[in-house]
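These notes concern the structure reproduced below.
The values are calculated or read from the model by the stated rules, or taken from the named source; none is laboratory data. Treat the numbers as computed from the prediction; the structure is a model and nothing was measured. Cβ placement follows ideal geometry from the backbone for every residue including glycine, while neighbour counts extend to all protein chains displayed. Keep in mind that these areas ignore ligands, DNA and RNA; they rest on the heavy atoms of the full protein, side chains included. Shrake-Rupley method; radii C 1.70, N 1.55, O 1.52, S 1.80 Å.
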Amino acid sequence: MSSHIQSPSPEALDQAISILMESVRRGGTASENNVTKYTQGWREIYELEQAASSIHNELLRRAALLRRHWNYSTRRIYQLPQEVFTEILILDIVSSGSEERKGFGSFHRKQPSRRTQLCHVSHLFLQTILGTPRLWADIQWDRDDFTRCLKMSEQAPLSIRCLESNHTRLSGSVAMEEFLRAIWQHSRRWETLSLKLRYSISQLQFLEFEAPQLRNLNLDVMGPLTESSVIKISGYPSLRNLSLHMTGLSQWNDLDLSHLRSLSLSWILREGGPSVEKLIETLKVAPSLRRLSLYRVTIVSSNKEQHLEPQIVHLPALLALRLDELPTGLADYLITNIRTPHLKSFCVRGLHLKRVDNPTSDQNPYHHFFQVLIPKLTAATTGLTISNEVSSRAVYSHADNSSAERSSDAIEGSADFGFRAEDSLEAVRQMVQFITSIGIAVPITILANGRGPHLDVIYSTIPSFPVDVLGKLPTVTKISAFSLADALNILGFLGSLRRDEETGQLRWACPQLQLLQFTEVRDLTLEHCQAFLDARYGDGNPLLVEGEIVQRPPRVTIDHAFFSEDE
């Protein structure tokens, strides 16, 4: 730090010394007789020594004052009650361990844990950490000495986190198995268990455990040949957060889910998923549930011959919902029975809506869902996207409300929902019918062939998008396509005048259109695009058709690898 302190200039030093010397001479007049025997030279030496002594004493006095000030400032934390001081250390250590370390999985130099860093602060910190088992109960693979932590934590509830990285796999599975074997011996003390790993045949023993104190469980455990694993939990733990990815449960009735706040199940394709009856039972007894996510989960009725009766489920605390790629009819069953008045963000796909007319009517079975959905769509801050996923015969709509005022729980409002039908053309028409029935006036983006250029779509000679719906969507600003058949149909429809079904007036479809994105369309030529531009815009002057004057719409940008025109 001294290298950053600038030394005073010689002139400043001379001036300070002169002032001190004058002060010493004035203060030394009373003892003039004591120095008469010295020569003038010795007198000056004596005066300089007096000045140096005065400076030294003053600097010591000021340093002492500053030391007392800082000692008092740092002593205040030591004046806290011991239990409060301990809780502060616990929160600090746990919060530092909950964040994924930057560069995880790379061959970077390993940093000491927060627990080790705090031990070097002072003797009180060291004594408190060594004498508090809870401070050793937060264990993270590849960060902590888990053997020492398990010993020092004594009987405190454990929080275990393990994210298998590339570094772990490259260094072999012996260390991982040793870690799992050690923590499995203390499963009765688990409070939080978060594992993401790929187990081998030798690790099958770790798919069963007894954990009566478990509150938070997050498992992403994939077995050999990418098969889903099934675990068994005993001890009847009362879970708060449950997240399973490619990992099923063999006995759902062995869990207390009445205090559940978050439930996430994904990629449980064969076995291990709950039955529909168990899922409904869980939702009924979990009024504090805030997040529910079901994605690609095999959930079937335990009685296949019995028809599922409607069961109303009230989830007043639910803020985020995802239902995607579930067994046929399950998303419809859940969405018509769940009541979520405070839902902020949701993704509901694969609905087989039988009725899209009168969505706000009490007679519509989806009435309660539409009450939440419609305000999200009409308030979309960045517009609405309609995506026709041809390969899955489904159409999705996504409304982004990310710029809306954020809530304290940080669950922000995006609305994503989709219809599924045997005919993809019919699914698109259903979506457009629904959107027009609720009067959405936000900018709309059309993805005629979905979000990705699938080969079966690019080379298809059969149109997969019903262009007639464009005449019902006046707020469309962007259209994209990958198929030549669909691109030509879109250009032909947009390049012709049509009479409005309601007013009977001639008009152009999509008058607010700004961009046609045909970048990936193969064999689209300049002649195709120019014919569209000539038909829709001509010389720019209004048209007189059957005595009716029709204004030209604003020009669009055509985006293509071999053609680009921005008029």
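For every residue, the table says whether it meets (1) at pLDDT below 90; (2) farther than 26 Å from residue 373 by Cβ; (3) surrounded by 14 or more Cβ atoms within 10 Å (Cβ to Cβ).
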residue: 249; (1), (2), (3): yes, yes, yes
residue: 258; (1), (2), (3): no, yes, no
residue: 279; (1), (2), (3): no, no, yes
residue: 288; (1), (2), (3): no, no, yes
residue: 292; (1), (2), (3): no, no, yes
residue: 308; (1), (2), (3): yes, no, yes
residue: 316; (1), (2), (3): no, no, no
residue: 323; (1), (2), (3): no, no, yes
residue: 328; (1), (2), (3): yes, no, no
Inset, instruction - Considering each residue of region 341-362, count those that are more than 18 Å from residue 433 (Cα to Cα), open to solvent by 20 Å² or more (accessible area, probe 1.4 Å) and free of Cβ contacts under 8 Å to residues at least 60 places away in the same chain, and give that number. - result: 3
Legend entry - First in region 46-71 and under 19 Å from residue 19 (Cβ atoms) and at pLDDT below 80, second anywhere and of a type in the set (D, E, K, R) and surrounded by 10 or more Cβ atoms within 10 Å (Cβ to Cβ), Cβ under 8 Å, 6 or more apart: 47/25
Legend entry - Breaking point among (1) hydrophobic (A, V, I, L, M, F, W, C); (2) in contact with a helix residue (DSSP H, G or I) (Cβ under 6 Å, 6 or more places away or on another chain); (3) open to solvent by 10 Å² or more (accessible area, probe 1.4 Å); (4) at pLDDT 80 or above, for residue 447: (2)
Inset, instruction - Among what's in region 466-482 and is open to solvent by 10 Å² or more (accessible area, probe 1.4 Å) and of a type in the set (A, V, I, L, M, F, W, C), pick the residue that is farthest from residue 430 (Cα to Cα). - result: 482
Legend entry - Qualifying positions in region 363-386 - over 24 Å from the mean Cα position of the chain (by Cα), open to solvent by 40 Å² or more (accessible area, probe 1.4 Å) and at pLDDT 80 or above: 365, 368, 371
Legend entry - Residues located in region 503-518, provided they are closer than 19 Å to residue 547 by Cα and either among the charged types (D, E, K, R) or touching a helix residue (DSSP H, G or I) at 6+ places or on another chain (Cβ under 7 Å) (or both): 507, 508
Inset, instruction - Kindly state which strands (runs of 3 or more DSSP E) lie completely within region 483-567 and contain at least 1 residues that are open to solvent by 80 Å² or more (accessible area, probe 1.4 Å). - result: 543-545, 548-550, 563-566
